[in-house]
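What follows is calculated from the coordinates using simple rules that are stated; it is not laboratory data. Keep in mind that what you see is a predicted model, and the values were worked out from it rather than measured. Neighbour counts run over all protein chains shown; Cβ positions are idealised from the backbone, glycine included.
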Amino acid sequence: MLCPTCTSGELTAVDDRVHCGNCGASFQVRNGIIDLMPSNPRQEHIWGGALESQWFVRFYESRFWRRGLVNNLYLAISFDDELDTISDAVTLEDAHAVLDVACGSGIYTRPFARRMNQGTAVGLDLSMPMLDYASTTAREKGIENLLWIHGDGHELPFPENQFDVVNCSGALHVFADIAKALSEIHRVLIPGGRFAGGIGRWPWSGTSGQKFRDWYKQRAGIKGFFREELVSYFEEAGLTDVVCHYEKRAWFIMSAVKPE
């Protein structure tokens, strides 16, 4: 991991803190979560307040949202089928280091860790309440090959070429700077590493559909994508071999590769 203060020093763990050998900065570790949130995070959107509330954290993984019938109808795919599609797209069982960007409650990170034959899954999120839930739940379920980081997806606290696989599901459509987030994902992937994500799809095209999309983005803080738009974002970030594994209603499942 890299220090978010000087952006160059490597971090080492001492007791309940991690320390930067370059600038001397020190960061707290609490409930298994390393707090590396930069002082001025870019990840600010209309959902920010909800992500910090305990009721939202409990609601997120319930049968009323990600694991519920309404969500399945909205996306036209169950969470378990989505998880299988993503895992197959990145050959998860062969990965040694997996990063889940904007991991939230760990709903993807925990099963990723279980499906890996070896190595560690890292979950990073800007919401400490979400990470508290993720860490506590993983501990209760006995999943040990996990690391949780409080940080900003626009400024990933890792050196280049660190991860075989990066996932960003259920989140890319709410990032403040999508191009920057994908650039960071490309940077931390190893050459030949794979990126995958479940990403919001905009189902209405044409002039009226575009106007409605712009209005929805302004009001709800969510950017629904067209397929060609997502492909362009990936390619501009340096990712290649873009594949759309699923495209229906309000959801895409996409993957791409960092060239060797």
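Extension gain for the segment GLN118 to ASN145, taken as residue separation times 0.36 nm less the Cα-Cα distance, is 8.9 nm to one decimal. So for the chain, Kirkwood radius off the Cα pairs, Stokes-Einstein at 37 °C and 0.692 mPa s: how many µm² s⁻¹? D, rounded to a whole number, is 176 µm²/s.
Positive end of the dipole of region 31-257 (Cβ unit charges, origin at the Cα centre): among PRO38, GLY198, THR240, the Cα lying farthest that way belongs to GLY198. Helix 79-89 and the longest principal axis of the C-alpha atoms of the chain enclose an angle of approximately 70°. For GLU228 and LEU73, the difference between the fully extended length at 0.36 nm per residue and the C-alpha to C-alpha distance is 53.4 nm.
About its Cα centre, the dipole of region 31-257 is roughly 820 debye, where the only charges are +1 on Lys and Arg Cβ and -1 on Asp and Glu Cβ. For the chain, the tally of Lys pairs with Cα-Cα distances below 20 Å comes to 6, considering only residues 8 or more apart or on different chains. Each Lys or Arg adds one and each Asp or Glu subtracts one; over the other residues with Cβ under 10 Å from the Cβ of GLU247, this totals +4. Which residues in region 196-230 have a backbone N closer than 13 Å to a point placed 7 Å from the Cα of CYS244 along the Cα-to-Cβ line? Those under the cut-off are 199-205, 225-230. Once both labels are positioned 7 Å from their Cα atoms along Cα-to-Cβ, the gap between GLN54 and TRP215 label points is 3.9 nm.
Distance between the modelled labels on SER62 and CYS23, one decimal in nanometres: 4.1 nm (7 Å Cα→Cβ projection). Between ASP80 and ALA179, the FRET efficiency from the beta-carbon distance, with R0 = 30 Å, is close to 0.45. Can you give the angle from 0 to 90° between the axis of helix 206-220 and the longest principal axis of the chain, with both taken from C-alpha atoms, to the nearest 10? Orientation of helix 206-220: about 40 degrees from the principal axis. In this structure the amide hydrogen of HIS96, modeled in the peptide plane, comes within under 5 Å of the amide hydrogens of ASP164, none closer than 5 places in sequence on its chain.
For the pair THR91 and ASN31, a Förster radius of 35 Å applied to the C-beta separation gives a FRET efficiency near 0.65, rounded to the nearest 0.05. Across region 31-257, the relative contact order, built from alpha-carbon pairs under 8 Å that are at least six residues apart, equals 22 percent.
Using only Cα atoms, find the angle between the long axis of helix 178-188 and the longest principal axis of the chain, and express it within 0 to 90 degrees, rounded to the nearest 10. For helix 178-188, the angle is close to 50 degrees. For the chain, the mean residue ellipticity at 222 nm estimated from helices alone is -9500 deg cm²/dmol, where every DSSP H run of n ≥ 4 contributes -39500 (n - 2.57) and the total is divided by all residues, rounded to the nearest 500.
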